[in-house]
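Please read the structure below before turning to the comments.
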Amino acid sequence: MSLNGQVAVVTGASRGIGRAIAMKLAADGAAVVVTATSEAGATKTADEIVAAGGKALAVKVDVSVVAEVEGLFKQAVEAFGKVDILVNNAGITKDGLLLRMKEEDWDAVLDVNLKGCFNCTREAAKLMSKARYGRIVNVSSVVGEMGNPGQANYCASKAGMIGLTKSVAKELARRNVTVNAVTPGFIETDMTAELSEKTREALQEQIPMGRLGSSDDIAGAVLFLVSDAAAYVTGHVLSVNGGMYM
């Protein structure tokens, strides 16, 4: 599944799943444009890629701001000449029960997670449609499929990403651009590392495979979807959750 000669944009790639995806695509030969909301975060991952022998460009961007996203893709093209792959991974949480949720917390999560995905997808689609080639992968979530108490805003944004994926897949299919989604389950991250042993055990009991997933589990699924092996796969939602939700 070589990506030699291809250029990928990965949003929210300073740590966790985004970082793992950026590193995986770079290891398979892609030049990677690494984005984060801080210059330090983007640069850290980009430097790791370069140190491993790959090509990378770090860009600080707020994906909810159209002008910044336009600037992101302009920088990508100036640096590498094209964009073949887009992975929409940037996301935030502002959890709270519906009756206590502030309007600004609802807006912030939808703006970054869903509008940010729309902003980046629209810019990538312009380039990919003209080139008649492209791979777009949206990192949604298992809770976008099943819901989760206390996360109405996050679940709505992730469910919206699935609807966006299917609609755009139909629009771009004749341009040889595939659009798919990955829905991670509970993944080992900085956040889950802080959970108590009792909480971790309760989570694992919900998962038939009996363990939390790793960022590399998600990165592997993304690599498949952007590779030639998935050239005839579009509009698909690939669940990577250890059997937690079927």
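The values are calculated or read from the model by the stated rules, or taken from the named source; none is laboratory data. Predicted model only: the values in this text are computed from it and were never measured. Reconstructed Cβ throughout: ideal geometry from the backbone, glycine too, with neighbour counts over all protein chains shown. Side chains included, ligands, DNA and RNA excluded: accessible areas come from the protein's heavy atoms. Shrake-Rupley method; radii C 1.70, N 1.55, O 1.52, S 1.80 Å.
Answer with one residue from Gly210, Thr165, Val182: the one whose Cα lies farthest towards the positive end of the charge dipole of region 155-246, charges on Cβ with Lys, Arg +1 and Asp, Glu -1.
Ranked along the dipole, the leading option is Thr165.
May I have the extent of the alpha carbons of region 124-172 along their three principal axes, as whole Å values ordered from largest to smallest?
On the principal axes, region 124-172 reaches 43, 15, 14 Å in Cα extent.
Say R0 is 22 Å: what FRET efficiency, to the nearest 0.05, do Leu99 and Ser167 get from their beta-carbon distance?
On the way: r = 31 Å, r/R0 = 1.43.
For R0 = 22 Å, the calculated efficiency reads 0.10.
On a 0 to 90 degree scale, rounded to 10, what angle separates helix 152-172 from the longest Cα axis of the chain?
The helix 152-172 is inclined about 30 degrees to the chain.
With a 1.4 Å probe and all protein chains kept in place, how much accessible area does Lys74 have, in Å² rounded to the nearest 10?
Per-residue accessible area (Lys74): approximately 130 Å².
If Lys and Arg each add +1 and Asp and Glu each add -1, what is the summed charge of the other residues whose beta carbon sits under 14 Å from the beta carbon of Ile162? All intermediate terms of the calculation are to be shown ahead of the outcome.
Numbers: positive: Lys158, Lys166, Lys170; negative: Glu145.
Overall, the nearby charge balance is +2.
Taking all protein chains in place and a 1.4 Å probe, what share, in percent, of the accessible surface of region 1-155 do carbon and sulfur account for?
On the way: 3610 of 6950 Å².
Its accessible area is 52 percent carbon and sulfur atoms.
Can you tell me which aspartates and glutamates have their Cα less than 18 Å from the Cα of Lys74? Leave out same-chain residues fewer than eight positions away.
Hits, sequence-local ones excluded: Glu39, Asp62, Asp84, Glu123.
What does the charge count near Arg19 come to, summing +1 for each Lys or Arg and -1 for each Asp or Glu among other residues with Cβ under 12 Å from its Cβ? Spell out each step's value before the answer.
On the way: positive: Arg15, Lys24, Lys44; negative: Asp47, Glu48, Asp190, Asp216.
Residues close to Arg19 contribute a combined charge of -1.
Any chance you could give the angle, 0 to 90 degrees and rounded to 10, that helix 66-80 forms with the longest Cα principal axis of the chain?
50
In whole Å, what three semi-axes, largest first, describe the equivalent ellipsoid of region 165-246 built from its Cα gyration tensor (square root of 5 times each eigenvalue)? Let's see the in-between values first.
Numbers: eigenvalues 195, 27, 21 Å².
After scaling each eigenvalue by five and taking roots: 31, 12, 10 Å.
Would you calculate a helix-derived [θ] at 222 nm for the chain, using -39,500 (n - 2.57) for each DSSP H run of n ≥ 4 and dividing by the full residue count, to the nearest 500?
On the way: 10 runs with 113 residues, N = 246.
The per-residue figure over the chain is -14000 deg cm²/dmol.
Give the cross-link partners of Lys170 among the lysines, using a straight C-alpha distance below 18 Å as the criterion and excluding same-chain residues fewer than 8 apart.
Lys126, Lys130
Using Cα atoms only, what is the angle between the long axis of helix 116-131 and the major principal axis of the chain, expressed in degrees (0 to 90) to the nearest 10?
The helix 116-131 is inclined about 30 degrees to the chain.
So if I take the centroid of the Cα atoms in region 77-132 and the same for region 173-225, what is the distance between those two points in Å?
Computed from Cα coordinates, the inter-centre distance equals 19 Å.
Going by average Cβ neighbours within 10 Å, how do the peptides 60-73, 231-244 rank, with the highest at the top?
On the way: 60-73: 19.0, 231-244: 16.5.
Sorting 60-73, 231-244 by mean packing, highest first, produces 60-73, 231-244.
How big is the chain by the Kirkwood estimate over distinct Cα pairs, in Å? Present the calculation step by step, with values, prior to reporting the outcome.
Numbers: mean 1/r = 0.0557 Å⁻¹.
Taking the inverse mean of 1/r over all distinct Cα pairs, the chain comes out at 18.0 Å.
What do the square roots of 5 times the Cα gyration tensor eigenvalues come to for region 35-133, in whole Å, largest first, as semi-axes of the equivalent ellipsoid? Kindly include the intermediate steps, with their values, before the conclusion.
Numbers: eigenvalues 155, 65, 21 Å².
That gives 28, 18, 10 Å for the three semi-axes.
Residues with beta-carbon under 15 Å from that of Ala231, excluding Ala231: net charge, scoring Lys, Arg +1 and Asp, Glu -1?
+2
How compact and how long is region 108-246, expressed as Rg and Dmax of its alpha-carbon atoms in Å?
Taking only Cα atoms of region 108-246, I get Rg and Dmax of 15.9, 52 Å.
Label points 7 Å out from Cα along the Cβ direction at Val233 and Ala131: separation in nm?
2.0
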